[in-house]
Structures are given as C-alpha cells and as structure tokens.
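Structure first, then comments.
The values are calculated or read from the model by the stated rules, or taken from the named source; none is laboratory data. Model, not experiment: these values are computed from the prediction. Counting neighbours? That spans all protein chains shown, and the Cβs are built from the backbone with ideal geometry, glycine included. Areas reflect the complete protein model, heavy atoms only, side chains present, ligands, DNA and RNA absent. Shrake-Rupley method; radii C 1.70, N 1.55, O 1.52, S 1.80 Å.
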Amino acid sequence: MTFSKLSVLLAFVGFTSVLNAQSYLGFNLKVGDSLRISQDSKQEIVQKMNEQEHKIINNLGGDYLFYVKKKTDSSYIIDFKYESFYMKTTSNLAGPIYNVDTKKEISADDIEGQIFKGLTRSSLEINMLKSGKIVNLKGTDSLIEHMIGHLDIDSFTKEVVKESMRKEFGGQSLIESLNQFTYMYPNKKLNIGDTWKNKYTGELTSNNNWTFKASNSFNEITAKSTIALKNTEDNITMILQGTQDTTVLADKHSGWPKEATITSVAKGISIMKDMENVDIPTTITSTTIYKPLQ
C-alpha cells in the first residue's frame, strides 16, 4: 500500500470515528412517554436603602407531570399538569408573607391557598418542538378559572385577582416560564465540546451559550448566560442584569432532563411607585433544582 493510499485510509477511519462519536441532542419521545419532575427554588432578594437592608426569601416549587399524547413530524403534543405547588415568602422586616403548600390541608378562608390549590385541578396542552421550544399552549383560561372561579369574593375583586393570575399563568407568560426548563437543544448531532446558542424572552431575557460537555450514563450539557430582568408589580419595578449557569443531565435516548441545576445572580435597581426618583440597589440570587420523581 502506498503512503498516499494509507493517508486516505487513516483519514477515512478518523472521519468515521468522529461520526460515531456524535450524539443527537434533541427530544426523541414516544406517545405514552411521561416525566414527573420536582422543582425546588430558593430566591434571595436584597434591597438596600438608607443603610437599611431588606431581605426577602422566596422558596417555591412543586411536582409537575409531562405526558406525551401525540407526535407530529416536527413536534410533540404534551399534557402538562401541576400535581402540587408550594410557595413560602419571608421578610426580615415584615416577617412571614406567604406560606402555601397544596400538599397540605388548606382552609376555606385561606384565599391564597385556595387560589394555588386550583393549579392542581386543571391540565394544559403544550406543543413542543424537538429542540424543546414550546410554540403553543392551550388551557390557560381553564386553569385560571379553576384558580379563581370557586372563590367566595365579590366580582370586582375576583376580576382583579384574575388579571394578576393571567400575568403569571397566562399563555405567553407560562410558555416563557416552561421554556426555561425544556428549550435547550439544537435538534441535531454534535460532538463533545460543540456549542450552540438560544434565547429565552419575557420578563426574564436570557442569552444562552450551550456546550455539550460529556456523554456517559447521561448527556451532560451546560450553559453560561447573560440575563436581564424587568418586572413590574402594582407598586414596584425591578430592572436588573446578571449571569446564569445551567447544568443539565439528560437521558441519552429520549432527551428528557433527569436533573438540572440553574444558578443566577442579577443586580440593578428597584423603583417604588411612590418614590419615582429613588433607585434602590437590588440584588437577586437564585438556585433552582429539577429532579425526577419515581
């Protein structure tokens, strides 16, 4: 065999090895597949004004069910359901603010508890591309009605509460929230070390730089992101920027995330409605962990 032929053969062998090392990064689901996930999030908000520090701690999460009921050429139709939800908020200045856990008995006069209990009484239909990007969601009107409709409050107050819930659990808001868990793949074959980008939009904007880190028992992918948050409530607006780190371990065949950890730090200002000329330095630090439920 001549040297030139040997070189061609070695190059071909090397090229074949590269192809064999590639892994498909995208969802590969079957009708009937399901995933139950628990989310645990801790968020610390620190505001400083006149040498006084206001610290708010939010602990929230729950158990969620994804069930694949239909498959198309480009996407999956998935039923999504909140099986449980909890939220606990405390302040070093005001003390306990919220304490809701739908796994526990909720009294009839606990309005906040009854609202979030309604999350578990309805399901949503998600249309998700193989990249994980959610492009459509149905059922939010029914979800909000289950949250609000049964409350024993006057009609005006009920409409005010509904509008608040639409902001958090309306169609586009919920799509943006769910995309932060599902939308992570390039929907193609890659080698270890390859990178790609995507973006989350909404109140939280995140520009994500993903890396295919390893493929052992699971596919490991990570992201380093720049984030921007603009959140406006009734009496306060927060404008912050920062960074976020994500690590995901996913099933090598289906693409289902088996474990994910997201940490972020964002700094900026808060503007109180009745103090428009005062910028309050604000820092938000958060950690979210997703794990499978058996």
*Which of the residues belonging to the range 20-53 are more than 30 Å from LEU93 (Cα to Cα) and without any contact (Cβ under 8 Å) to a residue 24 or more places away in the chain?*
ASN20
*Name the residue, out of LEU60, LEU119, LEU65, LEU93, that is part of a loop (DSSP other than H, G, I, E, B) and either closer than 16 Å to GLY139 by Cβ or touching a strand residue (DSSP E or B) at 6+ places or on another chain (Cβ under 8 Å) (or both).*
LEU93
*Could you grab me the full set of residues in the range 153-184 that are open to solvent by 60 Å² or more (accessible area, probe 1.4 Å), of a type outside the set (S, T, N, Q) and within 23 Å of LEU240 (Cβ to Cβ)?*
LYS167, GLU168
*Mind listing just one residue for me: the one in the range 193-229 that is among the acidic types (Asp, Glu) and closer than 23 Å to VAL265 by Cα and, of those, surrounded by the most Cβ atoms within 10 Å (Cβ to Cβ)?*
GLU220
*asked:* Looking for something open to solvent by less than 20 Å² (accessible area, probe 1.4 Å), at pLDDT below 95 and among the aromatic types (Phe, Trp, Tyr) - is there at least one such residue anywhere in the range 185-192?
replied: no
*Applying the selection to the range 37-62, what residues are surrounded by 15 or more Cβ atoms within 10 Å (Cβ to Cβ), under 13 Å from the mean Cα position of the chain (by Cα) and of a type outside the set (A, V, I, L, M)?*
SER38, GLN39, SER41, GLY61, GLY62
_Every residue from the range 109-144 that is over 23 Å from the mean Cα position of the chain (by Cα) and free of Cβ contacts under 8 Å to residues at least 24 places away in the same chain_ = ASP109, ASP110
*Only one of (1) within 21 Å of GLU176 (Cβ to Cβ); (2) open to solvent by less than 20 Å² (accessible area, probe 1.4 Å) is not met by THR232, so which one is it?*
(2)
*May I ask you to list the residues in the range 76-110 that are of a type in the set (Asp, Glu) and either closer than 20 Å to SER41 by Cα or modelled with pLDDT of 95 or more (or both)?*
ASP79, GLU83, ASP101
_Tally up the residues in the range 245-260 that are open to solvent by 50 Å² or more (accessible area, probe 1.4 Å) and within 28 Å of VAL46 (Cα to Cα), please._
2
